[in-house]
Amino acid sequence: MRDLTRHLAAPTLCEPAWLSGRDFVFLVFINLIWGMNLISSKIGVGQFPPIFFTALRFGSVALLLVPFLRIHRGQMHYVLAAAMLTGPGAFALLFVGVYLVKDASLVAIVNQMGVPFSTLLSVWLLGETIRWRRRLGIALAFGGIVIIGFDPHAFAYWPGLLLVIVSCFVGSLGLIFVKRMKDIGALQLQAWIAVIGGPVLMLISLVLESGQWTALVNADASGWGALAFTTLMSSLVAHTGWYYLVSRYPVTSRSPLTLL
């Protein structure tokens, strides 16, 4: 673990401390897409097995982005680690959690654990610094989860909510590997995530789930529309844009804005 910390904390080029006006507006738009995507995902996992739905999403993205695949010598260990963690690792846990939790608003709130996780990991592994305002924000985020835990309504869904929390941690760890990459375009990274994640998730679905063919046959327009939205808007627009911003700015200046 000490070697990993030292390796990931290698010096980086100077980065702007805060987002430009254009990138700030773009990040707000990304948050809007993610908010709509939570509703869309809830519709999707209501008609497809959750891991299978995620595999379909990644497979669709892979078909669109195969032309962007490139081998990056000396960095493929970062690419593969980022792809596994931010792709099948985080999303399989998230969508199973979404499936288990009936109230989408609870998932939206618990999903904000990604902010303190990514901030703390960036301080620990990348050597970034945070001031008292962001420390207060982290404390409030953790405190919010504790308060939710005392809500009997939320307690009934704790298995699913716990999966969402683990998903936040796994995805935040994956972002650390994304941050260590150099000269790898956001679409190239997204292509690798999709190409690796699609087959892995499909295999997991075939082992752990059932009813995939029945879901394909019986899905209605809202189910397919949900899949199209998560593929085109969430993956291709929002997540690709997010990876672009990850490469340009410190994690501690971007993550708090995802609370939107």
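The values are calculated or read from the model by the stated rules, or taken from the named source; none is laboratory data. Given the structure is predicted, the values throughout are model-derived calculations rather than measurements. Counting neighbours? That spans all protein chains shown, and the Cβs are built from the backbone with ideal geometry, glycine included. Keep in mind that these areas ignore ligands, DNA and RNA; they rest on the heavy atoms of the full protein, side chains included. Shrake-Rupley method; radii C 1.70, N 1.55, O 1.52, S 1.80 Å.
Yes or no: Phe68 surrounded by 14 or more Cβ atoms within 10 Å (Cβ to Cβ), closer than 21 Å to Gln188 by Cβ, among the aromatic types (Phe, Trp, Tyr) and modelled with pLDDT of 90 or more? So Phe68 fails the test.
Within segment 24-45, the residues that satisfy the criterion of being open to solvent by 20 Å² or more (accessible area, probe 1.4 Å) and more than 15 Å from Phe229 (Cα to Cα) are Phe24, Val25, Phe26, Val28.
Just one of (1) surrounded by fewer than 21 Cβ atoms within 10 Å (Cβ to Cβ); (2) more than 14 Å from Thr86 (Cβ to Cβ) fails for Val200. It is (2). Ala90 fulfils the conditions (1) over 23 Å from Ile184 (Cα atoms); (2) of a type in the set (A, V, I, L, M); (3) in contact with a Ser or Thr (Cβ under 8 Å, 6 or more places away or on another chain); (4) open to solvent by less than 60 Å² (accessible area, probe 1.4 Å) except for a single criterion, (1). Considering segment 166-197, the residues that are among the hydrophobic types (A, V, I, L, M, F, W, C) and farther than 15 Å from Ala81 by Cα include one that is surrounded by the most Cβ atoms within 10 Å (Cβ to Cβ), namely Cys168.
Looking at the structure I just gave you, is Thr129 at pLDDT below 75, open to solvent by less than 10 Å² (accessible area, probe 1.4 Å) and not small (Gly, Ala, Ser)? No; evaluated as a whole, the condition is false for this residue.
Applying the criterion of being open to solvent by less than 30 Å² (accessible area, probe 1.4 Å), more than 18 Å from Leu38 (Cβ to Cβ) and in a helix (DSSP H, G or I) to the residues of segment 235-256, the residue that is modelled with the highest pLDDT is Thr240. The C-beta contact set for segment 199-225 (first residue farther than 14 Å from Leu56 by Cβ, second residue outside any helix (DSSP H, G or I), distance under 9 angstrom, 6+ apart or interchain) comprises Leu208/Pro49; Ser210/Pro49; Asn218/Gln47; Asp220/Gln47; Ser222/Gly46; Ser222/Gln47. For segment 225-234, the criterion of being assigned to a helix (DSSP H, G or I), within 21 Å of Phe177 (Cβ to Cβ) and not aliphatic (A, V, I, L, M) is satisfied by at least one residue. Residues that are assigned to a helix (DSSP H, G or I), within 25 Å of Thr119 (Cα to Cα) and not aliphatic (A, V, I, L, M) occur in segment 179-187; there is at least one.
Count of segment 113-125 residues, restricted to those that are open to solvent by 30 Å² or more (accessible area, probe 1.4 Å) and either at pLDDT below 70 or over 15 Å from Thr258 (Cβ atoms) (or both), is 2. Would it be correct to say that Ser222 is in a helix (DSSP H, G or I) and modelled with pLDDT of 90 or more? Judged against the criteria, Ser222 is a match.
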